[in-house]
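Notes for the one structure printed next.
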Amino acid sequence: MRAVVIHGQGDLRVEELPAPAPGPGQALVAVRYGGVCGSDLHYWRHGGVGDFRLKEPMVLGHEVVGTVVSYGPRATGPAPGTAVAVHPATPCGTCPECVGGR
């Protein structure tokens with residue numbers, strides 16, 4: 001799969017990466033279109049957003065639409081092949097950021 005990867009301030013690359021496998025509770029979505037948001041621009045222009053600084057390469061793009069490919073264990077949702085929009089701000093309730101109220 002092709003991905004936009006930020007390596008550091010001003011160092012943005014389109015790279016070929018292996019397709020990921022969905023983990024427990026996750027869905028794999030084949031991205032058709034993606035948006036560029038303010039945080040993406042901040043990582044590119046400034047190497048970070050607020051207190052979050054790049055420490056290693058990171059795939060950008062979290063505002064996307066595409067189709068469901070498959071699900072990991074204990075995950076449910078629309079049938080594979082269904083068109084979906086990803087809502088990047090939906091809290092999971094279990095990660096450190098959610099538990100910490102962020």
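The values are calculated or read from the model by the stated rules, or taken from the named source; none is laboratory data. Owing to the predicted nature of the structure, the values given are computational and were not obtained by experimental measurement. Here the Cβ positions follow ideal geometry from the backbone for every residue, glycine too, while neighbour counts run over all protein chains shown. Ligands, DNA and RNA are stripped out before the accessible areas are found, and what is left, the full protein with its side chains, is counted by its heavy atoms. Shrake-Rupley method; radii C 1.70, N 1.55, O 1.52, S 1.80 Å.
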Of all residues in the stretch 55-78, how many are hydrophobic (A, V, I, L, M, F, W, C) and more than 18 Å from Arg32 (Cβ to Cβ)? 2
Tally time: how many residues in the stretch 69-87 are surrounded by 13 or more Cβ atoms within 10 Å (Cβ to Cβ) and under 23 Å from Arg102 (Cα atoms)? 1
In the stretch 4-45, anything open to solvent by 50 Å² or more (accessible area, probe 1.4 Å) and among the small types (Gly, Ala, Ser) is listed as Gly10, Ala19, Ala21, Gly25, Ala27, Gly34
Scope the stretch 46-68; condition open to solvent by less than 70 Å² (accessible area, probe 1.4 Å), among the aliphatic types (A, V, I, L, M) and in contact (Cβ under 8 Å) with a residue 40 or more places away in the chain; matching residues: Leu54, Met58, Leu60, Val68
Provide a single number: the residues in the stretch 82-95 that are farther than 25 Å from Val4 by Cβ and of a type outside the set (Val, Ile, Thr). 1
Could you tell me whether any residue of the stretch 88-100 is open to solvent by 60 Å² or more (accessible area, probe 1.4 Å) and in contact with a strand residue (DSSP E or B) (Cβ under 9 Å, 6 or more places away or on another chain)? yes
